[in-house]
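Asker: The structure is given below, and queries will be raised subsequently.
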Amino acid sequence: KAGVTQTPRYLIKTRGQQVTLSCSPISGHRSVSWYQQTPGQGLQFLFEYFSETQRNKGNFPGRFSGRQFSNSRSEMNVSTLELGDSALYLCASSAAPGSGANVLTFGAGSRLTVL
Amino acid sequence: GENVEQHPSTLSVQEGDSAVIKCTYSDSASNYFPWYKQELGKRPQLIIDIRSNVGEKKDQRIAVTLNKTAKHFSLHITETQPEDSAVYFCARGRGGSEKLVFGKGTKLTVNP
C-alpha cells in the first residue's frame, strides 16, 4: 500500500512568487490535512479537507489556500511568498473524520525555501 | 488556550535508562493524544496514542499515561536504545476532526 506522496520534495522560490504543493493520500483515505513545520514554531495546522470541503482552517493569512479533488488528492497554494514562508510543508491523510481514528499518516513533506 | 506545552525541550540519557516527556494542555474538549517520533530528515511517525477514556497504554518499551483531570499526559520510554534518538512530539485532538495541536518537541539523545 503506497504511503502519502507529496510533490515536489524540494523547491526554491523568490519573494513575491507563488507556489503550489501536491499531496496524494493513502489509497482509501478521504481526509487530508496540511501542516507547516519550522524550527521556531514546530508543527502548525494549516487546513483539513474531507470530501472536497475544507472542514477546518488554522491561523494563517489568506495567502495560504488549498483544495481537495474528487479523488481525495489535495493541493495547497501560497501566494505572494515571504521569507518567513520557508518551511517544511507536511501533508497527512486519515481514513475519515469521525471514524474514531484521528490517526494521521504523514508524507515526507515539501521543503520550500524562499529567497 | 489552544497550545500544548511540552517539556523538556532536550533530553539526554544513557543507553538502558528511561526517558520521560511530559505535555500539558488546557482544552477540555480534547480527547485524543498521540505521540509522534521524527528522525532527522524524515517524516513524523505515530508511535503511540491514547484516548481520553483510557489512563494508560503500553506498547513494548513505550507507554503513555493520561491524567485528564490535571490535563497532562506523558510518554515513557524504558530501556532506551541509540535508535530511540529523535525528536518526539506530543499532540492533542478532538474527535471528528483531523486537526492536531502539537507541542514544540523534545530532542532525545540516547548515548551508547
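Asker: Could you rank the peptides B:32-42, A:83-93, B:54-64 by their average count of other C-beta atoms within 10 Å per residue, with the highest value first? Don't skip to the end; give the middle numbers.
Answerer: On the way: B:32-42: 18.2, A:83-93: 20.8, B:54-64: 14.0.
For the peptides B:32-42, A:83-93, B:54-64, the packing ranking is A:83-93, B:32-42, B:54-64.
Asker: Using amide H atoms built 1.01 Å from N in the peptide plane, name the residues 5+ places from B:S97, or on other chains, whose amide H lies under 5 Å from its own.
Answerer: Residues meeting the criterion, in which the H sits 1.01 Å from N, are A:G98.
Asker: Return the whole-Å distance between the Cα centroid of segment B:69-103 and the Cα centroid of segment A:1-40.
Answerer: Comparing the Cα centres of segment B:69-103 and segment A:1-40, I get a distance of 23 Å.
Asker: A further question follows. Of B:K22/B:K42; A:K57/B:K22; B:K37/B:K57, which pairs sit farther than 21 Å apart, going by alpha carbon to alpha carbon? List each step's numbers first, then the result.
Answerer: Details: B:K22/B:K42 23 Å; A:K57/B:K22 27 Å; B:K37/B:K57 17 Å.
Result: B:K22/B:K42; A:K57/B:K22 exceed 21 Å.
Asker: Per-residue mean of other chain beta-carbon atoms within 10 angstrom of the beta-carbon, peptide A:41-48?
Answerer: Working: counts 2, 9, 11, 2, 9, 1, 2, 4.
Taking the mean over all residues of the peptide, I get 5.
Asker: B:Q60 versus A:T38, label points 7 Å from Cα toward the beta carbon: distance in nm?
Answerer: Rounded to a tenth, the inter-label distance reads 3.6 nm.
Asker: In whole Hz, with x marking every Gly and Pro, tabulate ³J(HN,Hα) for segment A:36-52 from phi via Karplus 6.51 cos²θ - 1.76 cosθ + 1.60, θ = phi - 60°.
Answerer: Coupling constants for segment A:36-52: 9, 10, 10, x, x, 9, x, 9, 10, 5, 9, 7, 9, 10, 8, 6, 6 Hz.
Asker: Residue-wise, which Karplus ³J(HN,Hα) couplings in Hz belong to segment B:79-90, taking 6.51 cos²θ - 1.76 cosθ + 1.60, θ = phi - 60°, and x for glycine or proline?
Answerer: 6, 4, 10, x, 6, 7, 4, 4, 9, 10, 10, 9
Asker: Starting from the amide H of A:T5, placed 1.01 Å from N in the peptide plane, find each other amide H under 5 Å away whose residue is 5 or more places distant or on another chain.
Answerer: Those qualifying (amide H under 5 Å, at least 5 residues apart or on another chain) are A:S24.
Asker: Considering every residue in B:99-105, what mean count of other chain Cβ atoms within 10 Å of its Cβ is obtained?
Answerer: Numbers: counts 13, 8, 5, 7, 2, 5, 4.
Across the residues of B:99-105, the mean count of other-chain Cβ atoms within 10 Å is 6.
Asker: Got a sec to turn the phi values of segment B:33-44 into Karplus ³J(HN,Hα) couplings, 6.51 cos²θ - 1.76 cosθ + 1.60 with θ = phi - 60°, whole Hz, x for Gly and Pro?
Answerer: These are the phi-based 3J(HN,Hα) values: 9, x, 10, 10, 10, 10, 7, 4, x, 10, 7, x Hz.
Asker: So, one more: What is the set of long-range amide H partners of A:F47 at a cut-off below 5 Å, with H atoms built 1.01 Å from backbone N?
Answerer: Those qualifying (amide H under 5 Å, at least 5 residues apart or on another chain) are A:W34, A:G58.
Asker: Per residue of B:89-98, what is the mean number of Cβ atoms on other protein chains within 10 angstrom of that residue's Cβ?
Answerer: Values: counts 3, 0, 4, 0, 4, 1, 6, 7, 10, 21.
Partner Cβ neighbours, averaged per residue: 6.
Values quoted throughout were computed directly from the atomic coordinates according to the rules given, and no laboratory measurement underlies them. Every value quoted in this text rests on a predicted model; they were computed, and no experiment measured them. Cβ sites come from the backbone with ideal geometry, for glycine too, and all protein chains shown count toward neighbours.
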